[in-house]
Amino acid sequence: MIPKVRKAVFPAAGLGTRFLPATKAMPKEMLPLVDKPLIQYCVEEAMHSGIQDIIIVTGRGKSSIEDHFDVSFELEQLLESKNKTDMLSMVRSISDMIDVCYIRQKEALGLGHAVLRAKDLVGNEPFATVLSDDVIASDVPCIRQLLDIYEYYGASVVALMEVPPDQISSYGVVDAEPVSHNGNEHRVFRIRNMVEKPKPSDAPSNLAIIGRYILTPEIFTCIESIEPGAGGELQLTDALKYMLRSRPIYGLKFDGKRYDAGDKLGFLKATVEFALNRHDMGDAFRTYLKGLTL
Ligand code: UTP
């Protein structure tokens, strides 16, 4: 029987240099899209995908993430005394949302290293990995889409997206062959190889790995077996490539739109589109945008 995925690891210990100076003292995972921190969108996505436990890998200066998912007694008391019941239940729903535990990555030694920090908390079971600066708008949560593939093949699965050549060197890129899955030839791939941050001329395809993964527990031994790669960091892509020697890995071109909210322009695009989709302010914001001279 294929073991069930119950846990999700959220590496959130990166330095967020692309978003300085905002991220000097504030984790990028706490940047708000309209009024909700990036990481909350992703925790909700995990929850709606059936994940039960969240493990957040934090670093220095990340305590606001812990505070956000914790109970805020003073705030709750204040809202209660002022009879602001809607706000009170919204604030309470965040701490009631799901079980969250934390582990520290003392130095930002790479995404692979951050995932490895969660080894003891994950144990010998498959788990999801979610990068909260990739925010995904979709009808079916992206993690759920990946889980459907995992539950069919019983192997690790990565989320894939087509990327134009001038941006390809920012990603891990796969060499993959399409497999027929439920009569659909164009969405599921069996991965042959992968390269972290290739030059456009060396990229094996235009399919890039984005921040959603389902990983089988062998990934931990693979991370322990590799040497630091691009940028002197322990790269998750290199560990996945190592895993390919002994295990199959699948890729899914997911349905949905991904925003790179860890990048200033990507963040602005996400903010505008999320605001336009809001019932409480979408119309007013649209009117405002239409009135701008562009
Ligand atoms: P990024 O590649 O976006 O790096 O990490 P970063 O340091 O966070 O941001 P920039 O590029 O300098 O602006 C992808 C994900 O991996 C986590 C980050 O928090 C982010 O969610 N990460 C990265 C770690 O947890 N630890 C690391 O050592 C590196």
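The values are calculated or read from the model by the stated rules, or taken from the named source; none is laboratory data. Note that this is a predicted model, so its numbers are computed, not measured. Backbone-built Cβ (ideal geometry, glycine too); neighbour counts: all protein chains shown.
Overview of values
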quantity: Residue match in the range 2-9 (condition: within 15 Å of the ligand (Cβ to nearest atom) and modelled with pLDDT of 95 or more); calculated: yes
quantity: Candidates 167, 105 - the one that is touching a helix residue (DSSP H, G or I) at 6+ places or on another chain (Cβ under 6 Å), within 16 Å of the ligand (Cβ to nearest atom) and more than 26 Å from residue 3 (Cα to Cα); calculated: 105
quantity: Selection within the range 14-24 - part of a loop (DSSP other than H, G, I, E, B) and either near the ligand (Cβ under 6 Å from one of its atoms) or over 18 Å from residue 105 (Cβ atoms) (or both); calculated: 14, 15, 16, 20, 21, 22, 24
quantity: In the range 65-79, the residues that are surrounded by 12 or more Cβ atoms within 10 Å (Cβ to Cβ) and over 26 Å from the mean Cα position of the chain (by Cα); calculated: 75, 76, 78, 79
quantity: Qualifying positions in the range 25-42 - within 14 Å of the ligand (Cβ to nearest atom) and in contact (Cβ under 8 Å) with a residue 60 or more places away in the chain; calculated: 28, 29, 31, 38, 39, 41, 42
quantity: Filtered residue count, the range 109-134, keeping only those that are acidic (Asp, Glu) and within 14 Å of the ligand (Cβ to nearest atom); calculated: 2
quantity: Subset of the range 68-86 that is touching a Ser or Thr at 6+ places or on another chain (Cβ under 9 Å) and part of a loop (DSSP other than H, G, I, E, B) - its residue that is modelled with the highest pLDDT; calculated: 69
quantity: Hits in the range 38-67 - residues which are assigned to a helix (DSSP H, G or I) and either in contact with a helix residue (DSSP H, G or I) (Cβ under 6 Å, 6 or more places away or on another chain) or aliphatic (A, V, I, L, M) (or both); calculated: 38, 39, 43, 45, 46, 47, 64, 65
